[in-house]
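Some notes on the structure that comes next.
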Amino acid sequence: MDASEFRKRGKEVIDAIADYYENLDQVPPMAAVKPGYLYKLMPHEAPEDPESFDDIQKDIQTKIMPGITHWQSGNFFGWYPSNSSFPAMLGDMYSNMFDVIGFNWLCSPATTELETVVMDWLGKLIGLDKRFLSIKEDGTEGDGGGVIQGSASEAHIVAMLAAKEKVLERIKADGSVSEDEADAMRHKMVAYFSDQTHSSGQKGTNIIGCKSHTIPTDANFRLTKAALVAAIEEDKQAGLIPFFVCGTFGTTNTASIDDIPGIANVAAAEHLWYHIDAAYAGASLTCPEFHPLAVGIERADSFNFNPHKWMLTNFDCSAMWVASSTHLTNALGIHREYLPRVKGETAFVKDYRDWQVPLGRRFRALKLWFVMRMYGASGIRAHIREHVRQAKWLEQQLLADGRFEIMVPVVFGLVVLRIKPSALATSGDVAVKESTVNAANVNYSKLINADGRVFLVGTKLKGVDAVRVAIGSTISKQENVELLLQVLKQSAAEIISQQK
């Protein structure tokens, strides 16, 4: 394919993408195929001779498209959103054009420097404390800074590696044990999570070889200061070394917010690395009205949220900041002669390979730059506020109906609900067994998805089965939420009639 052919075919692909988005709400959001469907449709060896673009385009429509779950559909309410936007796609096209492997400044100066710039832009936009910024007000280098990771899971692992480095340095510095003895204490280190923390926390401890302690949340699904203190005392009595705690701003199951300032107090007293996972709800901090919910994040050691979830930026783009990069680069920096370092007089000469697990990295800052420029802060805020408005509207409609229970207050774009036990009661019933209510709500989520017009997922909250509705698609409109409400009511009526 030469440049002339690429120009022609590229325009065709752009047209196909635009057509896809224009017609997205006309197709069911979930794929209706069975495991192994694609294997049966594909040759079992790579083609020997070149095949035509037209044949590949045909296969996209006839073989790939039937197996696609349409995450960008306005009728997709399953997991937290995976936002896309045309500006982000354009940025990614330029990234693919340059195709640099930007592991340090020398690889491509613009790749490194644009990431430093846009991460400071984004940090200021969400109200992060200045200690998280790369560039001080006088233009000199700060101790902290931001980096784009591939996912919040990677950010979790990187934060734990930095935390491990920090505690080992402290143990070695106090002189009570030798360096070899300190290194042998790694298996005694313990990290703290709640029972609502994302699974990446547990995965991170498995990877770095430390222990994890899962702490039960309170009635509002929050990790509290008191519960953390009790867990730490228990582990210290057992001879373990507390070194890391994760607080969550917007949990996966309920969008709950942990006791951010209370955890900060404990982390400071116990010398823990304090990481805040705001993968989903961090995007809301672009709106000043949500800042009071985030009091205490300025005391964290690291903070992470995913613009690829709710801020219009195509996957993958996970924004992570550290208040001090020293422990991070000490933990991850490995020098090789073929990876030359360039010394600079400013904060822009960063070796981002020392801020992440992989060596190579894409030019991801471009798509974030496109989004922030083409939407502006006002457009990003309008995007967030509209989804919150839709979620609160749905909450009000369900409460007014009388058959539904809202499991947690709606703060962002997540609505967690179930059919009320009283709505499932038959004539003369004093109370419906909890097992019966749970079974009915499990069947409720299955029935909704079998209908095919919308997609959502069920969950379990402290033994109670419920349904999660995550509003946040880039193209989500009021009509989509009204259709969802219609399906919720119709399916509830059918479940209730089966109980009578």
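Would you point out which residue out of Pro43, Pro35, Pro50, Pro109 is open to solvent by less than 60 Å² (accessible area, probe 1.4 Å), out of contact with any Lys or Arg (no Cβ under 6 Å at 6 or more places or on another chain) and not basic (Lys, Arg)?
Of Pro43, Pro35, Pro50, Pro109, the one residue that is open to solvent by less than 60 Å² (accessible area, probe 1.4 Å), out of contact with any Lys or Arg (no Cβ under 6 Å at 6 or more places or on another chain) and not basic (Lys, Arg) is Pro109.
Give just the number: which of (1) farther than 30 Å from Leu417 by Cβ; (2) modelled with pLDDT of 90 or more; (3) among the small types (Gly, Ala, Ser) does Gly102 not satisfy?
The number of the failed condition is (2).
Could you say which residue among Asp354, Asp277, Asp316 is within 19 Å of the chain's Cα centre (by Cα), among the acidic types (Asp, Glu) and open to solvent by less than 20 Å² (accessible area, probe 1.4 Å)?
Answer to the selection: Asp277.
Can you pull out the residues in the range 403-420 that are of a type outside the set (A, V, I, L, M, F, W, C) and either in contact (Cβ under 8 Å) with a residue 24 or more places away in the chain or surrounded by 17 or more Cβ atoms within 10 Å (Cβ to Cβ) (or both)?
Arg403, Glu405, Gly413, Arg418, Lys420
Residues that are under 30 Å from Gly123 (Cα atoms) and touching a His at 6+ places or on another chain (Cβ under 8 Å), at least 3 per element: which helices (runs of 4 or more DSSP H) completely within the range 145-211 meet that?
Passing ranges, in order: 152-173, 200-208.
Within the range 171-202, which residues are more than 22 Å from Lys225 (Cβ to Cβ), surrounded by 14 or more Cβ atoms within 10 Å (Cβ to Cβ) and of a type in the set (A, V, I, L, M)?
Across the range 171-202, the qualifying residues are Ile171, Ala182, Met185.
Tell me the strands (runs of 3 or more DSSP E) entirely within the range 231-309 that contain at least 3 residues that are farther than 13 Å from Thr197 by Cβ.
The qualifying strands (runs of 3 or more DSSP E) are 241-248, 302-305.
Does the range 87-146 hold any residues that are over 28 Å from Ile297 (Cα atoms) and among the charged types (D, E, K, R), and which are they?
Listed by number, the residues that qualify are Asp92, Asp99.
Is there any pair with a first residue in the range 221-245 that is over 30 Å from Val411 (Cβ atoms) and of a type in the set (Val, Ile, Thr) and a second that is open to solvent by less than 30 Å² (accessible area, probe 1.4 Å) and part of a helix (DSSP H, G or I) whose Cβ atoms are under 7 Å apart and which are 6 or more apart or on different chains, and what are they?
Qualifying pairs under 7 Å: Ile241/Val167.
Identify all residues within the range 325-361 that are modelled with pLDDT of 80 or more and in contact with a strand residue (DSSP E or B) (Cβ under 9 Å, 6 or more places away or on another chain); write none if there are none.
Once the filter is applied, which keeps residues that are modelled with pLDDT of 80 or more and in contact with a strand residue (DSSP E or B) (Cβ under 9 Å, 6 or more places away or on another chain), the range 325-361 yields Ser325, His327, Leu328, Lys350, Tyr352, Trp355, Gln356, Val357, Arg361.
In the range 381-402, how many are touching a residue at least 24 places away in the same chain (Cβ under 8 Å), surrounded by fewer than 19 Cβ atoms within 10 Å (Cβ to Cβ) and either in contact with a strand residue (DSSP E or B) (Cβ under 6 Å, 6 or more places away or on another chain) or not in a helix (DSSP H, G or I) (or both)?
0
Which one is nearest to Tyr375 (Cα to Cα) among residues in the range 60-84 that are among the polar types (S, T, N, Q) and not in a loop (DSSP other than H, G, I, E, B)?
Taking the candidates together, the pick is Gln61.
Of all residues being touching a Lys or Arg at 6+ places or on another chain (Cβ under 7 Å) and of a type in the set (A, V, I, L, M, F, W, C) in the range 169-190, which is farthest from Asn206 (Cα to Cα)? Just the residue, please.
Ala182
Among the residues of the range 280-293, which ones are touching a Leu at 6+ places or on another chain (Cβ under 8 Å) and either basic (Lys, Arg) or open to solvent by 10 Å² or more (accessible area, probe 1.4 Å) (or both)?
Correct list: His291 only.
Give Gly144, Gly150, Gly139 a once-over and let me know the one that is within 24 Å of Asn314 (Cα to Cα) and in contact (Cβ under 8 Å) with a residue 12 or more places away in the chain.
The conditions single out Gly150.
Residue check: is Phe86 surrounded by fewer than 18 Cβ atoms within 10 Å (Cβ to Cβ) and either at pLDDT 90 or above or basic (Lys, Arg) (or both)?
yes
Report whether or not Tyr338 is of a type outside the set (A, V, I, L, M, F, W, C), open to solvent by less than 30 Å² (accessible area, probe 1.4 Å) and free of Cβ contacts under 8 Å to residues at least 40 places away in the same chain.
It is false that Tyr338 is of a type outside the set (A, V, I, L, M, F, W, C), open to solvent by less than 30 Å² (accessible area, probe 1.4 Å) and free of Cβ contacts under 8 Å to residues at least 40 places away in the same chain.
Does the range 238-250 hold any residues that are at pLDDT 95 or above and farther than 17 Å from Asp301 by Cα, and which are they?
The one that is at pLDDT 95 or above and farther than 17 Å from Asp301 by Cα: Gly250.
Please specify each residue of the range 7-59 satisfying the condition of being closer than 20 Å to Phe86 by Cα, assigned to a helix (DSSP H, G or I) and not charged (D, E, K, R).
Of everything in the range 7-59, those that are closer than 20 Å to Phe86 by Cα, assigned to a helix (DSSP H, G or I) and not charged (D, E, K, R) turn out to be Gly10, Val13, Ile14, Ala16, Ile17, Ala18, Tyr20, Tyr21, Leu24, Gln26.
The values are calculated or read from the model by the stated rules, or taken from the named source; none is laboratory data. Since the structure is predicted, the reported quantities are computational estimates derived from the model, not experimental observations. Every residue, glycine among them, receives a Cβ derived from its backbone with ideal geometry; neighbour counts consider all protein chains shown. Note: areas computed on protein heavy atoms with side chains; ligands, DNA, RNA excluded. Shrake-Rupley method; radii C 1.70, N 1.55, O 1.52, S 1.80 Å.
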